[in-house]
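Beneath this line is the structure, given in structure tokens, with notes to follow.
Every number here is computed from the coordinates shown, using simple stated rules; none is lab data. Computed from a predicted model, the values in this text were never measured in an experiment. Note that we place each Cβ from the backbone using ideal geometry, even for glycine, and neighbour counts take in every protein chain shown.
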2 protein chains.
Amino acid sequence: MGEITLIEAYKKAAHPLQGHGKRDLHVMKEALEGFDGDLDSDIYGSGKIIEDFQEKIADSLGKERSVFFPSGTMAQQIALRIWCDQKGVQRVAYHPLCHLEIHEEDGLKKLHGIEPILLADKDSVISLEDVVGLKEDIACLLLELPQREIGGQLPEYETLVAISQYCREKGIKLHLDGARLYEVLPYYGKSAAEICELFDSVYISFYKGFGGIAGAILAGDEEFTDESKVWKRRHGGDLISLYPYIISADYYFDQRFDKMDQYYEGAKELAAYLNGCKGIRTLPETPVSNMFHVFFHYPQKQIESILIGVYEETGVGLTGYVKEVSENECVFEASIGDQYKTVPKENLENMFTLLNEKLKQEHK
Amino acid sequence: MGEITLIEAYKKAAHPLQGHGKRDLHVMKEALEGFDGDLDSDIYGSGKIIEDFQEKIADSLGKERSVFFPSGTMAQQIALRIWCDQKGVQRVAYHPLCHLEIHEEDGLKKLHGIEPILLADKDSVISLEDVVGLKEDIACLLLELPQREIGGQLPEYETLVAISQYCREKGIKLHLDGARLYEVLPYYGKSAAEICELFDSVYISFYKGFGGIAGAILAGDEEFTDESKVWKRRHGGDLISLYPYIISADYYFDQRFDKMDQYYEGAKELAAYLNGCKGIRTLPETPVSNMFHVFFHYPQKQIESILIGVYEETGVGLTGYVKEVSENECVFEASIGDQYKTVPKENLENMFTLLNEKLKQEHK
């Protein structure tokens, strides 16, 4: 028993409670089953299969046009490049923990020569004051809703409106990193289009809350999206066939579009269970989407050992990893999807009762 | 009858003779059937599904390592960038009709700031003299085998050896655009590894002769491929899951690896039929791979009308398009795959007899 790792124990648990289940080939097989084999591939961005989906998502976002991309990394660099070229200013602003800053090997700088200004303290979301306080001229401001690296926090809707209005007055384009946009709509109580009308360009992802295989949409007006297609080709993203991603995006979008409220409610419930345990706190305390971060005020090794035991005794898996923050603290990211609702309430409560007992023992 | 277009007539023909058949969702469905649904997705370039395939193709190419990319456009720009950065010279040389020069919206220049020197007359393949005659210092020379835009022509193997040797002496890296590398092996009578050992880096494609969905491999030594993974992330090509392309590449690679000789023989036979018709010539006259170009010395509209009639009478489809070269000339690209062998010989001969008769009438 001592030899099993946390990820192994999580995978072995009868009830792993995060996400939509395994990322295996069944995800593709299930999506494909819903489509007629005689359907023609898209060809370099043309064809019914891609055009219909782009139109459907543009409509959902309330934008004139949208373009399917293999990745958000590609889509967002391109969005910022277009706005910078249009203004003749190779400078943008975003949060210090923005995806472009910490997960893309500096592609924005090394491929596009764009300089980012880091806005706001890294533990806070960007405020109107941060934007008004900008000293340098920028072409574009990027807002990420929710701010993933700080547990998925959100500014209030009124703040978004104020920032949007300010940017329009100052000739600053506003871009939405909406990788998890649909996941925050229940909190805002708004439609995707109502949020997107505050932004000039919008990126959304299909493998977070929607659980598709990969792929992204970049939306905006026609001039912007036409230009983005040229850059998509330059980046090597204008593949002869993107349909494996498109059909899975389409299939799981339809499957889960109406479930974002369920995931949000699940996240709030799970966070409450966790905050009821000794030495655990969640960020935010009350989630505003399907995701949040979970901090254990214990050493990583100790928590791993406790979790493995709890999974084995109760059959419920909470997380497959915890990451060390400091000697006495570790963290993981929780993300609620289809799985959470399938865990029997009794098992869930047993799991938290046992977890809390074990944590209390450690505190003695 | 007058209203049908050439592409419609080709699609309606009982025996379309090019390629592997339709690019529809059956291509994905067939490939997926061969794989266990429980197989885990690759995750950002890691996992058995991607690592095994990279190793398999590296072995086939006789290279230390290989990396799977969503596209050749991305893979090749990255290869050239790595060689340029390593030498500190932002200049490369390639053919005037190189893919990077004419099909990528100047991605190499606009994303990487690399200046290409165009080598050789556009109607010829690059010779040793062209390379020796280079006045500017370059980091890398790119050779495309076969040179697609001029009918898929090839330098002799001895020329490749001489160019490779010269480049090594001069400290110039040699990169292979081998989108159709396996397709030329029957002509050279060499293995892929025997050709690739002349090159420092190699790109191959999986949706030409192999008929996969999309995707590419970039191969070289470990230092080179490690660096290429960093750039793959910068380009937005390091997708969470590339498996739909990987499993189709793997499946069709296995299916068609041994059929390149059959395609090559088919191409030579088809070219002979075509060259036997009044006012048609192929480039090259005798193909050296599964592909070649077909020139009709007639106006485009006239040829379209003749071909539609021939397809409707004989049930054999030759091409879905012809492109105007000049008022009295048009051209299409022929590419032989699985389909050619399935066309009954009698139908094929009837088609060429009828085509030739109609062309002769036009000449009167």
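The table that follows gives values for the structure above.
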| item | result |
| --- | --- |
| Fewest-first ranking of A:Ile204, A:Ile213, using other Cβ atoms within 10 Å as the exposure measure | A:Ile213, A:Ile204 |
| Simple label model, 7 Å out from Cα along Cβ direction - B:Glu51 to A:Thr342, nm | 2.7 nm |
| Farthest positive-ward along region B:42-240 dipole, Cα basis, beta-carbon charges - from B:Leu134, B:Leu97, B:Gly62 | B:Leu97 |
| A:Thr353 versus A:Leu283: modelled label distance in nm, points set 7 Å from Cα along the beta carbon direction | 3.2 nm |
| Most positive-pole-ward Cα, B:Ala179, B:Tyr263, B:Pro299, against dipole of region B:173-307 from beta carbon charges | B:Pro299 |
| Magnitude of the charge dipole, the protein assembly as shown, Cβ model with Lys/Arg +1 and Asp/Glu -1, debye to 20 | 260 debye |
| Label spacing, shortest first and in nm, from A:Gly189 to its equivalents in the remaining copies (7 angstrom along Cα→Cβ) | 8.1 |
| Likely footprinting exposure, A:Asp123, A:Asp24, fewest C-beta neighbours within 10 Å first | A:Asp123, A:Asp24 |
| Options A:Ile150, A:Cys167, B:Val27, ranked by Cα towards positive dipole end of the protein assembly as shown, top entry (Cβ charges) | A:Cys167 |
| Over chain B: helical MRE at 222 nm, DSSP H runs n ≥ 4 each giving -39500 (n - 2.57), nearest 500 | -14000 deg cm²/dmol |
| Exam field: A:Tyr321 pseudo-label spacings to other copies (7 Å along Cα-Cβ), nanometres | 4.4 |
| Pairwise label distance in nanometres, B:Asp85 with A:Glu269, each label 7 Å out on the Cα-Cβ vector | 4.8 nm |
| Copies compared at B:Leu39 - label distances in nm, ascending, label defined 7 Å from Cα in the Cβ direction | 2.2 |
| DSSP beta bridges in region B:124-254 [antiparallel fraction, %, rounded to 5] | 35 percent |
| Closest-to-axis residue of chain B (Cβ criterion, axis taking B to A), whole Å | B:Pro244, 2 |
| Added length on full extension, which subtracts the Cα-Cα distance from 0.36 nm per residue, A:His103 to A:Glu3 | 32.8 nm |
| Relative contact order computed over region A:42-240 (Cα-Cα under 8 Å; 6+ residues apart), in percent | 30 percent |
| Dipole magnitude (debye, nearest 20) for region A:166-224, charges at Cβ of Lys, Arg, Asp, Glu | 260 debye |
| Kirkwood-based shape ratio for the protein assembly as shown, expressed as Rg/Rh from alpha carbons | 1.01 |
| Fraction of alpha-carbon pairs over 32 Å apart in chain A - percent | 36 percent |
| Cross-link pairs beyond the 21 Å C-alpha cut-off, checked among B:Lys56/B:Lys173; B:Lys301/B:Lys323; B:Lys208/B:Lys278; B:Lys29/B:Lys208; A:Lys12/B:Lys48 | B:Lys56/B:Lys173; B:Lys208/B:Lys278 |
| Contact order relative to length of region A:186-291, as percent, for alpha carbon pairs under 8 angstrom and 6 or more apart | 26 percent |
| Normalised contact order of chain A, rounded percent, pairs of Cα under 8 Å and 6 or more residues apart | 25 percent |
| Linear extension gain, A:Glu327 paired with A:Glu64, 0.36 nm per residue minus alpha-carbon span | 89.6 nm |
| DSSP-defined antiparallel bridges as percent of all bridges, the protein assembly as shown, nearest 5 | 60 percent |
